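I have placed the structure first, in the form of structure tokens, so that the comments after it can refer back to it.
Only the coordinates and a few stated rules stand behind these numbers; no lab work does. Here the structure is a predicted model, which is why all the values come from computation and not from measurement. Ideal geometry is used to build each Cβ from the backbone, glycine not excepted, and the neighbour counts take in all protein chains shown.
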Amino acid sequence: MKKRRVKDFIALYAPEDEEKLVLIQTGTSADRTFLDTFWTAHVYALAMADAETEQIISERCYLSWPVTEQQRESEEYTERFRKGNIYRIKVHRWKGNALSEPHWYVTDVLEEGVSCPALEKIWEDYTKPILLEDEVLGKLTLNRETSTFNGTCKWMGKDVNISVDVNIEKKSSWTRVTNVIKKLVAEQKDWDKSLRAKAAQKLTAQANEWLADNDQTDRNSEKDPITEGEFAQRIILTEFTVSPGGRFTAWYEDDDMFWGHVITVDGTLKKGPIGADIQG
């Protein structure tokens with residue numbers, strides 16, 4: 001299969017350059033597919049405005065440009081844009097079929113720190129904290145970049161972090177995922193027991209393999225193995241995360257049974273604990 005070169009990237013965009021104002025939403029990253037001979041840097045703009053009229057012409061859009069191997073290694077491309085700043089840029093318009101988010105090829109940054117009241121108002125509204133208050137969970141704060149509400153809940157007498165994934169534009173999704181956490185909290189004694197039991201069932205044998213390889217302990221994995229009961233008791237719950245579909249993950253510290261790796265247990269309210277694994 002033919003490799004894609006920079007000229008092939010450029011050919012995806014219209015030949016005419018345009019001046020636009022952009023409000024940067026994210027940090028810059030770079031990637032390369034197996035078909036590319038170059039790296040592509042990209043960043044999201046929260047909104048774009050006409051450079052002359054300063055009228056908003058687009059909401060969230062995708063800005064990209066090719067970078068060399070040397071630029072990627074030096075990470076100088078990451079300094080081109082800063083989150084929350086407004087820039088005057090030269091861009092080329094995507095000439096293919098309409099995409100869910102407009103794509104633009106950036107050829108030049110003409111000015112940083114541009115004044116544009118319309119974009120400044122968008123940033124002001126965007127950075128206002130959004131709180132979700134619940135009588136069971138307390139206050140959860142929205143992280144717009146990750147589309148998650150974050151907070152803490154009481155679990156078996158201790159504070160545990162909560163992170164629930166939502167569709168920011170659909171408040172019904174907020175209710176769906178918070179109801180999962182509320183159900184877990186309401187029945188926490190039973191859930192705590194079943195989640196720990198699943199982790200122990202799946203991972204105790206592996207923990208003993210790690211114990212056998214650990215030359216920093218005098219404990220003998222054959223004469224004094226870790227039991228499922230011990231395993232379940234030792235792990236320490238630190239966080240619950242919930243996906244938009246309602247699947248949840250409990251995150252545990254391993255008490256050094258896996259030399260500091262994180263233990264996860266996945267499940268749903270309907271099926272209960274489904275599986276367990278070590279991460280990192």
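Membrane-span-like helices of the chain, defined as complete DSSP H segments with a Cα extent of 15 Å or more along the helix axis and a mean Kyte hydropathy of at least -1.0, are identified as 171-186.
Cross-link reach is defined here as a Cα-Cα straight distance under 18 Å, omitting same-chain residues fewer than 8 places apart; for Lys139 the aspartates and glutamates meeting it are Asp159, Asp165, Glu239. In which sequence would Thr148, Thr33 go, from the one with the fewest C-beta neighbours within 10 Å to the one with the most? Least crowded to most crowded, the residues run Thr33, Thr148.
In loop segments of the range 218-280 as defined by DSSP, the GluC sites (Glu not before Pro) with at most 16 further C-beta atoms inside 10 Å of their C-beta are Glu222.
3J(HN,Hα) along the range 103-111, derived from phi through the Karplus expression 6.51 cos²θ - 1.76 cosθ + 1.60 where θ = phi - 60°, amounts to 10, 9, 9, 8, 10, 7, 9, 8, 7 Hz, with x in place of Gly and Pro. Loop-resident trypsin sites (Lys or Arg not before Pro) (DSSP state other than H, G, I, E or B) in the range 175-227 with no more than 14 further Cβ atoms inside 10 Å of their Cβ: Arg219, Lys223.
In the range 135-212, which GluC sites (Glu not before Pro) are in a loop and have at most 16 other Cβ atoms within 10 Å, using DSSP for the loop call? Those that pass, being in a loop and sparsely packed, are Glu135, Glu145, Glu169, Glu187. Applied to the range 252-261, the Karplus parametrisation 6.51 cos²θ - 1.76 cosθ + 1.60 on θ = phi - 60° returns per-residue 3J(HN,Hα) values of 10, 6, 9, 6, 6, 5, 10, 6, x, 6 Hz, with x for Gly and Pro. Take every pair of alpha-carbon atoms less than 8 Å apart whose residues are at least six positions apart; their mean separation over the length of the chain yields a relative contact order of 12 percent.
The Cβ shell under 12 Å around Ile274 holds other residues with a net charge of +3, Lys and Arg each +1, Asp and Glu each -1.
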